[in-house]
1. Scan the stretch 216-242 for residues that are out of contact with any helix residue (DSSP H, G or I) (no Cβ under 9 Å at 6 or more places or on another chain) and assigned to a loop (DSSP other than H, G, I, E, B) and jot them down.
2. Please count how many residues of the stretch 272-304 are under 30 Å from Arg183 (Cα atoms) and either among the polar types (S, T, N, Q) or over 17 Å from the mean Cα position of the chain (by Cα) (or both).
3. Taking only pairs six or more apart or across chains, which ones have beta-carbon atoms under 8 Å, a first residue in the stretch 158-178 that is closer than 24 Å to Gln206 by Cα, and a second residue that is at pLDDT 75 or above and open to solvent by 60 Å² or more (accessible area, probe 1.4 Å)?
4. Given the condition outside any helix (DSSP H, G or I) and either open to solvent by 90 Å² or more (accessible area, probe 1.4 Å) or among the aromatic types (Phe, Trp, Tyr) (or both), answer yes or no: does some residue in the stretch 325-334 qualify?
5. Output the number of the condition that Ser129 fails; it satisfies all remaining conditions of (1) touching a residue at least 40 places away in the same chain (Cβ under 8 Å); (2) open to solvent by less than 20 Å² (accessible area, probe 1.4 Å); (3) out of contact with any Gly (no Cβ under 9 Å at 6 or more places or on another chain).
6. Looking at this structure, is Asp195 open to solvent by 10 Å² or more (accessible area, probe 1.4 Å) and either free of Cβ contacts under 8 Å to residues at least 40 places away in the same chain or within 24 Å of Arg277 (Cα to Cα) (or both)?
7. Within the stretch 263-274, which residues are open to solvent by 50 Å² or more (accessible area, probe 1.4 Å) and free of Cβ contacts under 8 Å to residues at least 40 places away in the same chain?
8. Tell me, which strands (runs of 3 or more DSSP E) lie completely within the stretch 47-125 with 3 or more residues that are modelled with pLDDT of 85 or more and of a type outside the set (A, V, I, L, M, F, W, C)?
Amino acid sequence: SGKAMAAIADAVRPWMDLIDTLRSQGIHRDLPLPQIAVMGDQSAGKSSVLEAISGIPFPRGSGLVTRCPTQLTMKRMPPGSAFRAHVSVSTPGPPPTQAGYVSSPEELAHRIEALMEALVAASPDPGSSFALESVVVRVEAVGCPDLTLIDLPGIVRTSTAGQSTAVIGQVNALINHFLAQERTIVLAVIPANQDVATIDILERAQRVDPEGVRTVGVLTKPDLVGPGSEPEVLSVLRNERKPLKLGYVMVKCRSQRELDEGLSPEEARHQEMAYFREHPDWRECRRDVLGVRTLTEKLTTLLVERIQLALPILKWELQSQLELVERELVPLGRNRPKSVRQEP
């Protein structure tokens, strides 16, 4: 119900706000913060999952669509509130002209794309089609969850025409940087029509998280699973094959045609659940492994739990660093140095 959702939002928001404030102060450059990073192959359906969670039509297509990390902070607003968003970049100095407030999801999608272009153009590598700095998006809307996600570029296998070969190494280094942080939850986006044993992001996550305690699997494109392959997908969804402590969720996102036809996020949720109810195989699954709403609630709960666990240690780490800096300042003295004229 609406009241229940509002109560959950009230409980969740302060924790999210605290970490978002720390991140806005640049703390994440020195200390790893609890966060969820969205990872997967270029064609895994990452943009569709983000768009399903947020209601924002993220850039889609083949190739390197996400051309730099995108930090997406969402805030649920009461019914009747207007859509409001702000978009900027993580680089110091004056923001690009495309930064600022936005009043519609469609305009926001265009701005995100324009800022990605601006960051790539400002990249030190002249041949690069990719930037290490982030686009920072804040969205306040009725349909949004209280959640922050960091979307990373898809894994690159080969450089296409006009792309620098360095992009493969750059994207890999960025993904590995996030994978290595023990406070990062990996949201591994996996097409359901591919053999889970061959999924690169799961292999990479397993190297840094062998117990699977900070990896969540998201199976996309269930409608593309070939006849006869359903039992294999079910064994993954039931966490029997390639098991993760946090398990898997299957989602069916809006297709490009449905987007073009103007299917709303709310209608898409209804259609998604109808699809799962009517499918001869997926309907055998427990409800808590199906649907975008399930995924959103799972991620919100998980992130709040991780923030609560990490805060005492984060506080200690910050105090230790502060004391260290204060000790380094002691030899410099408290008073302002005397000018040459004042010397006896």
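The values are calculated or read from the model by the stated rules, or taken from the named source; none is laboratory data. From a predicted model like this one, the values you see are computed outputs, not experimental measurements. Cβ: placed from backbone, ideal geometry, glycine included. Neighbour counts: every protein chain shown. Remember, those area values only see protein heavy atoms, side chains included, never the ligands or the DNA or RNA. Shrake-Rupley method; radii C 1.70, N 1.55, O 1.52, S 1.80 Å.
1. Gly226, Pro227, Gly228, Ser229
2. Final tally of qualifying residues: 10.
3. Gln170/Leu132; Leu174/Leu132
4. Checking the stretch 325-334: at least one residue is outside any helix (DSSP H, G or I) and either open to solvent by 90 Å² or more (accessible area, probe 1.4 Å) or among the aromatic types (Phe, Trp, Tyr) (or both).
5. Here Ser129 clears every test but (3).
6. When the stated conditions are applied, Asp195 passes them.
7. Glu267, His270, Gln271, Met273
8. Here the list reads 70-76, 84-89.
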